[in-house]
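Q: Starting off with a structure, shown below.
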Amino acid sequence: MSTNPALFCFNSTTTAATSTAAVVRVEDEMRMMEPEPVQDVKCGDVAVDENNANSVPRMLSSCTPVQKTLEAPVAITNPASTEGLMTSPQLGQHVDVERLMEFNRELTTRYANLQAQFAELGNGPQRDKCGEDTLLAAQYRADLRKVTSEKESVCHQATQLREDLRHTAARLRFLQTCVSQLQQRLMQRDCIIQKLMQERALNVVRDVQTRMLHNELVETRGGIRVIVRYLPTAEEFSNIEIVNSNVISIRRPLFSLTHLKGKPHGEHFSVFSIHSNATSNAAIFGDVRDYVEACVDGNTVAIIANGPKGTGKTHTMVGPADDAGVIPRALSLIAQLCTDRMPLWEFKVSLSAIQIVDEEIYDVLTDMDEKFELKRGWFASDTSERLAKITLHDDGSNIVLKNVTELEANTEDRLIQIFCDAWQTHSKSSHVDSAHFIVLVRIKAYGKVPLAKLAKMGTAAAGMQTSESLVRCHRIISHGFLILCDLVSFDRPRTKRVTSTAAWVGKTDRQNQTANDISGTVLTRVFEAMRHNATHPHSPIPVPYRDSKLTHLLKPALLVEAKCAVISTISLRTSMFKSTYRTLQLSEKAAAAGFAS
């Protein structure tokens with residue numbers, strides 16, 4: 001802002017200027033008393049935009065105050081004149097100048113304030129906008145912090161997920177490796193199982209073929225096998241002589257014997273084997289062991305011990321504790337064979353025990369109440385009356401015992417225990433000396449290999465039908481039946497009159513014949529009829545199985561492909577010649593029937 005210098009210059013020679021100066025001073029003072037109008041500030045053509053912060057400074061820069069001469073200080077070009085002014089009588093004028101300068105400074109201050117106000121007015125919208133921006137920035141910063149926190153959380157979760165993914169990938173690789181190994185092992189085991197199944201099928205085929213060969217071998221050696229066990233005598237002379245291990249010679253005694261009248265040189269009996277009483281029961285059982293095995297294979301087998309009293313029938317069949325007889329040894333062998341064949345077969349073994357007294361069958365395994373037994377024991381001397389009676393039927397080839405107790409046992413100890421209980425009950429019977437003791441063992445075998453696999457192996461159906469095997473439910477099922485008999489002597493004294501006998505027995509003989517003698521006679525006639533039918537197949541005669549309870553019970557083992565072992569116990573003493581001869585006659589007929597069949 002510039003100031004007019006002519007306003008502050010004075011001439012000492014001119015006095016007329018004094019009045020003029022006074023007039024100017026008065027006008028200036030009056031002007032100072034009035035406020036400076038804002039219109040004194042001229043602005044250019046710059047338009048003020050409230051929304052544009054840059055428009056205010058441009059407007060201020062274009063504004064020019066009217067009293068520009070007041071902004072600039074008074075220029076005193078001549079110091080001497082200034083000093084003269086201060087000391088001259090014109091000091092009053094100088095004071096007025098000072099006031100003008102002071103007023104000029106105030107105007108300058110006001111102008112600066114106005115400029116500041118204009119600047120502030122121009123910066124208002126910008127400050128408002130800055131405030132809004134500050135709020136938005138604060139909100140954005142809060143949102144940014146929130147987003148940053150969420151980002152950090154997500155990053156942490158992503159890190160954990162990546163770690164979990166890494167562990168999962170590692171575990172997946174491990175599981176894939178395990179699956180691969182398991183698949184390989186499964187394939188190997190499948191191959192092994194396939195081989196084992198093939199081997200099992202082959203073993204079943206071999207087992208069936210072995211049964212067939214074993215059955216043929218037994219038949220070759222005789223379906224009915226006779227084994228003789230004798231008691232030696234201390235006599236110097238005996239009518240019975242053991243020629244060798246298979247032949248017994250009978251010499252004609254001094255007294256007349258009807259059967260030997262036409263045989264002056266005596267008679268010879270050929271049997272399977274001959275043993276003395278010194279032979280162990282194990283050796284006796286060795287002669288019938290294959291019959292027990294045939295029973296496990298699915299055949300019906302009978303092992304009979306007969307002979308005069310006191311010759312060792314019970315010793316042979318039951319035996320003492322240190323030398324078990326045929327029955328306990330047969331039960332042990334059955335349990336052992338069933339255990340050995342478990343990989344191919346599933347066995348069910350059941351045992352029954354009966355006794356035959358005067359053509360009546362009693363169950364010796366009946367569970368009797370102890371009180372009932374004691375009560376009957378006071379009034380009844382016959383223990384057999386407390387045993388349950390059993391009825392015998394047959395369907396042509398198999399027998400059916402109704403109401404018989406049949407106990408299942410799959411272990412050797414259980415079989416022996418059942419047998420011991422039955423033998424104890426039989427021994428307590430009052431008719432123990434006249435009762436046949438019979439043990440019945442049923443063996444049912446189920447093949448574990450399906451027939452489809454056996455068909456692939458080329459097994460013949462005819463081979464499966466041997467040994468009385470049945471094919472049901474696509475499995476091989478075989479039924480074995482073992483009859484173990486400890487018979488009493490057929491020459492026992494009379495204990496009860498017989499009211500009904502076989503049709504072929506005459507009335508006189510029927511009155512004098514005992515029930516046990518009927519059993520022996522009928523058994524002999526059965527063997528004779530079997531031999532006749534084997535040698536004369538075109539003219540068969542009926543076999544009298546039903547003429548006695550014993551032969552009726554033995555019928556399944558005496559049919560075609562019969563498998564029966566007769567253990568005859570005899571004595572070489574002369575006093576027992578008659579009963580021994582009858583026993584040997586029965587044995588000879590049995591052996592002849594076996595060889596003929």
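Q: Do we find that Leu144 is of a type in the set (A, V, I, L, M), farther than 30 Å from Glu346 by Cα, at pLDDT below 85 and not assigned by TED's automatic domain parsing to the domain that holds Glu293 in this structure?
A: For Leu144, the condition - of a type in the set (A, V, I, L, M), farther than 30 Å from Glu346 by Cα, at pLDDT below 85 and not assigned by TED's automatic domain parsing to the domain that holds Glu293 - is met.
Q: Return the pair list, or none, for Cβ contacts closer than 6 Å from residues in region 301-318 that are closer than 16 Å to Arg329 by Cβ to residues that are part of a loop (DSSP other than H, G, I, E, B), at least 6 apart or on different chains.
A: Pairs that qualify, where the first residue is closer than 16 Å to Arg329 by Cβ and the partner is part of a loop (DSSP other than H, G, I, E, B), are Val301/Lys563; Gly312/Asn277; Lys313/Gly307; Thr316/Gly325; Met317/Gly325; Val318/Gly325.
Q: Where in region 487-597 are the helices (runs of 4 or more DSSP H), entirely inside, with at least 3 residues that are at pLDDT 85 or above?
A: 515-535, 549-554, 577-596
Q: Here is a further query. Would you mind finding the one in Lys589, Lys549 that is touching a strand residue (DSSP E or B) at 6+ places or on another chain (Cβ under 6 Å) and among the charged types (D, E, K, R)?
A: Lys549
Q: Taking the criterion of being modelled with pLDDT of 75 or more and not in a loop (DSSP other than H, G, I, E, B), would at least one residue in region 449-459 satisfy it?
A: no
Q: Cβ-Cβ under 6 Å, sequence separation 6+ or interchain: first residue in region 270-288 and part of a helix (DSSP H, G or I), partner among the acidic types (Asp, Glu) and at pLDDT 90 or above. Which pairs?
A: Within 6 Å, the pairs are Asn281/Asp323.
The values are calculated or read from the model by the stated rules, or taken from the named source; none is laboratory data. Treat the numbers as computed from the prediction; the structure is a model and nothing was measured. Counting neighbours? That spans all protein chains shown, and the Cβs are built from the backbone with ideal geometry, glycine included.
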